[in-house]
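Read the structure below first, then the notes.
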Amino acid sequence: QESIVRRLEQLDAQSAGRVDRIADAIKRKLAETGIEAWVSGRTKRPYSIWRKLKDKQRSFEQLSDVFGFRVVVASEEDCYRTLGILHRTWRMVPERFKDFISLPKSNGYRSLHTTVIGPENNRVEIQIRTMEMHEIAERGVAAHWRYRENVAERDRNVLKTYEWLRDLVELLERGENTEEFYEHSKLNLYQDQVFCFTPKGMLIALPRGATPIDFAYFVHSDVGNTAVGAKINGVHTPLHTPLRNGDQVEIIRSNEQTPSPLWERFVQTGRARSEIRRFLRHAQRDQHVKLGRRILEKVFADEGFELSEKAVTGVLNKLRLQKPDDVYADIGRGALRADEVLEAVYPELKRGVARPHYDGVSPNGGERPVSIEGLTEGIAYQLGGCCHPIPGDRIVGLMVPGEGVIVHAVDCEVLDRHQDSMIDWMDVRWRDRGDDSAYSVARISVRVENTAGALASIANIISRNGANISNLKITNRNPLYFELQIDLEVRDTQHLEHIIRALKVDSAVELVERARGLDTDRQEGAGFSVGVDQGVLI
């Protein structure tokens with residue numbers, strides 16, 4: 001930026017008074033046609049020039065429009081007359097004209113922008129506006145009140161500005177935090193616009209970088225919520241494609257479609273982001289209810305009971321909830337433990353018995369659940385039963401309708417079947433834990449000699465190393481050896497590797513390795529499964 005300052009100083013020295021001469025020439029030309037105008041000019045600030053050089057990848061020599069002028073006239077009609085005079089007098093630069101008077105920005109900004117090869121053969125930018133437009137540009141929408149008596153009650157541009165303000169008020173009322181409001185305001189105030197058309201010719205202005213999803217939500221929230229694809233200029237296009245000026249956009253809809261949390265990654269407008277989050281807040285509750293009910297059904301079944309709506313209704317007061325769906329939703333999002341509901345329904349059950357605890361993470365979860373970062377707040381998620389990821393594994397989330405997010409290890413074979421729908425993938429990671437009491441389930445395969453006491457030896461090694469066996473299955477058996485599939489409750493990959501090393505040194509163990517995939521198919525007459533609570537096998 002220091003070099004830009006020096007170049008501007010050299011330019012000023014070479015052309016002393018150039019800005020004043022150009023301003024006088026513009027003012028004189030307008031006066032000849034009876035237009036009284038206030039004209040001000042300046043050399044652009046170094047930071048503004050630096051940003052333009054960076055954005056357009058140009059050198060200072062290639063950037064000729066370093067002079068900017070503002071022309072303030074009496075009326076909107078004079079704005080357009082001034083534009084015509086300037087274009088007739090000096091050659092305009094194509095693609096540099098913008099009409100923000102007929103198409104104001106969402107924050108109320110109005111002006112005509114053009115660039116011409118002006119006096120002394122200099123390329124100059126010119127903004128043409130009325131005094132009211134100038135006050136609003138300088139002081140914001142509050143400047144409207146200064147002109148309130150002069151503005152018609154049904155003035156469309158004023159109403160558009162107030163509509164923008166009403167959108168902000170609505171976002172404050174419906175949003176959950178001030179960060180969402182700030183994000184919405186920032187997106188709409190400080191981005192350039194693109195102008196697109198509906199198939200019927202309706203013009204829609206959106207921030208630069210906006211996508212068909214932004215377009216759909218601008219038309220109506222129902223259009224956005226049911227969008228499955230888009231046609232841009234008649235060509236089928238992904239929903240995350242950035243729109244360009246002049247695009248004709250047609251939204252393809254399906255009543256089976258619902259917004260994806262991943263849409264938030266590429267939408268640009270605060271309206272779209274707010275509507276997506278609003279829909280997901282309701283949809284996530286439905287997911288939590290379904291997941292929580294499944295978890296509670298399994299907890300009841302493990303204790304020999306059948307879950308009924310009547311049983312849950314009977315303990316609502318004790319749980320301080322209003323209806324059964326509230327119970328299921330709290331379990332699904334991890335705010336309530338399923339065994340607490342079980343003990344509330346059957347208080348005669350002995351407390352403190354080591355039973356599996358279930359939460360919104362995994363039906364196989366350990367005593368305290370692990371946590372995942374990178375998800376929309378409150379969304380239901382589960383650890384994949386196909387790959388059994390544990391802290392320390394590299395992971396990815398996969399959005400599954402009706403089930404929430406399934407967390408897989410990055411090398412899980414299930415992900416290969418979703419290569420064509422990577423839009424449903426989510427970048428997630430393990431949350432740092434403050435202690436070592438959070439457990440998750442890992443699976444190992446063990447081949448052990450068929451000798452007396454071999455199983456007890458394996459169980460003792462696992463127990464001595466601070467892990468618990470949640471399930472054990474003999475998958476193959478013959479007179480020489482048998483193969484086991486063991487599910488262990490461990491803290492992380494280091495804990496698991498430590499147990500594997502300890503097993504390898506046992507004389508009865510021939511092979512031990514981490515296992516991936518679903519439950520191994522049983523061989524007829526050979527396989528059976530054993531549930532173990534405390535890592536002790538008899």
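The values are calculated or read from the model by the stated rules, or taken from the named source; none is laboratory data. Not measured: the values here are computed from a predicted model. Positions of Cβ are generated from backbone atoms using ideal geometry, with glycine treated the same way; all protein chains shown enter the neighbour counts.
Here the strands (runs of 3 or more DSSP E) wholly within segment 206-262 that include at least 3 residues being in contact with a Pro (Cβ under 9 Å, 6 or more places away or on another chain) are 227-232, 249-253. Within segment 72-88, the presence of a residue that is at pLDDT below 80, surrounded by fewer than 14 Cβ atoms within 10 Å (Cβ to Cβ) and assigned to a loop (DSSP other than H, G, I, E, B) is excluded.
Selection of segment 463-477 for residues being without any contact (Cβ under 8 Å) to a residue 60 or more places away in the chain and not in a loop (DSSP other than H, G, I, E, B) yields Arg464, Lys473, Ile474, Thr475, Asn476, Arg477. Note on segment 22-36: residues that are under 13 Å from Leu83 (Cα atoms) and of a type outside the set (Ser, Thr, Tyr) amount to 5. Scanning segment 483-507 for residues that are under 11 Å from Val446 (Cα atoms), surrounded by fewer than 19 Cβ atoms within 10 Å (Cβ to Cβ) and not charged (D, E, K, R) yields one hit, Ile500.
Condition check for Asp247 on (1) touching a Lys or Arg at 6+ places or on another chain (Cβ under 9 Å); (2) of a type outside the set (Lys, Arg); (3) farther than 18 Å from Gly270 by Cβ: one failure, at (1).
Any residue at all in segment 492-505 that is among the basic types (Lys, Arg), at pLDDT 85 or above, within 42 Å of the chain's Cα centre (by Cα) and part of a strand (DSSP E or B)? Within segment 492-505, not a single residue is among the basic types (Lys, Arg), at pLDDT 85 or above, within 42 Å of the chain's Cα centre (by Cα) and part of a strand (DSSP E or B). Filter segment 213-262 down to residues that are in contact with a Cys (Cβ under 8 Å, 6 or more places away or on another chain) and surrounded by 16 or more Cβ atoms within 10 Å (Cβ to Cβ) and give me whichever is farthest from Thr198 (Cα to Cα). Taking the candidates together, the pick is Leu243.
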